[in-house]
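Read through the structure below, which is laid out as structure tokens, and then see the notes.
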Amino acid sequence: MKAQPVFFQSDRLTIINEDMLKTHLIKRCSIDLVITSPPYNVDIQYSSHNDGLSYDEYLKFSKSWLSRCYRWLAITGRFCLNIPLDKNRGGQQSIGADLTTIAKKSGFKYHTTIVWNEGNISRRTAWGSWMNPSAPYVITPVELIVVFYKGQWKKTTGTKVSDITREEFISWTNGLWSFTGESKKKVNHPAPFPLELPKRCMKLFSFVGDTILDPFMGSGSTLVAAYRNSRYGIGIEFDKGYCKTAKNRLLYELRNKNLSD
Ligand SMILES: C[S@@+](CC[C@H](N)C(=O)[O-])C[C@H]1O[C@@H](n2cnc3c(N)ncnc32)[C@H](O)[C@@H]1O
């Protein structure tokens, strides 16, 4: 018997257990905001995904998934893409710049880039040529959130209900964000982002009641943030184990409705 792709559905939340490159469950022009962190191709040991493609293959994969997201986005839709600035493992590559270029070629319009200062310099292991200009390595401990849109930047659809506070608006419109990363152990996934990231993106770029999609859902962080902030959340993830992890996180949220982060 074929597995059912809708893995979990409750209240405003849906988990789709399918390859995002193949699913037919997302309607064209139906999504208000995509928030996602795709695989970075840095040899992370995911249960299903191969994170060690050649850079050319990785760019082809990026092109395919970006054009699907473009089709799914509403005309007034927006897209927050969390990616590294560059890649240092297995050869230096300008991932941030390359994916921005591919997104623009897929039809997205560029709005801005937010720099997320993770403050995690302790991961540092390779210096190249130590104290010597022959071949040093510079590591920048930040990630990017590149913000795109589909039609026009001014958002004219949705409930028009904003839930961002004065302090949040002043602080988050400064595009240098500083908060720490998420513990892999805590959420049981090898590369989660912290809830703070999707929370800021959705409060800054979407209205209450909008539909948020994460096509690389992982442990479900975007859906947890969507639920806590009164948005609809759809996550796509092809690994069943991660879908189970996400479902458990969401069940916890649903049971404890009054939690705040
Ligand atoms: C960087 S992680 C996302 C982590 C997520 N932001 C979180 O907070 O847990 C990328 C995820 O994409 C999934 N993935 C990779 N290729 C996929 C595909 N073609 N379709 C669906 N999911 C995919 C991987 O299994 C992995 O869980």
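Laboratory data are not the source of any read-out in this text; all were calculated from the coordinates shown. Worth saying up front: this structure is predicted, and the values here are computed from it rather than measured. Methodologically, a virtual Cβ is constructed for each residue, glycine included, from the backbone with ideal geometry; neighbour enumeration extends over all protein chains shown.
Side notes on the structure shown:
- Cysteines in the chain that, by Cβ-Cβ distance, have no pairing candidate under 4.7 Å: Cys29, Cys69, Cys243
- The calculated FRET efficiency for Gln92 paired with Leu21, based on their beta-carbon distance and R0 = 30 Å, is about 0.65.
- Degrees, to the nearest 10: 55-72 long Cα axis against longest axis of the chain: 20 degrees
- By the beta-carbon count within 10 Å of each Cβ, the least crowded to most crowded order of Ser178, Ser206, fewest first, is Ser178, Ser206.
- Debye-sum result for the stretch 158-261 in log10 I(q)/I(0), which assumes one identical scatterer on each alpha carbon, at q = 0.10, 0.21, 0.22, 0.23 Å⁻¹: -0.28, -1.17, -1.25, -1.33
- Environment charge of Thr76, counting only residues whose C-beta is closer than 13 Å and scoring Lys/Arg +1, Asp/Glu -1: +4
- Calculated FRET value between Ser47 and Thr156, using beta carbons and R₀ = 35 Å, to 0.05: 0.25
- Maximal additional length on extending the Arg166-Tyr110 stretch stands at 17.6 nm, based on 0.36 nm per residue less the C-alpha distance.
- Here r is the Cβ-Cβ distance between Ser30 and Asn132 and R0 is 41 Å; the resulting FRET efficiency, rounded to 0.05, is 0.15.
- 31 Å Cα-Cα threshold exceeded, pairs from Lys63/Lys184; Lys155/Lys240; Lys27/Lys240; Lys22/Lys87: Lys155/Lys240
- Magnitude of the charge dipole, the stretch 9-144, Cβ model with Lys/Arg +1 and Asp/Glu -1, debye to 20: 500 debye
- Over 31 Å (Cα to Cα) - which of Lys154/Lys244; Lys154/Lys186; Lys105/Lys203 fall in this group: Lys154/Lys244; Lys154/Lys186
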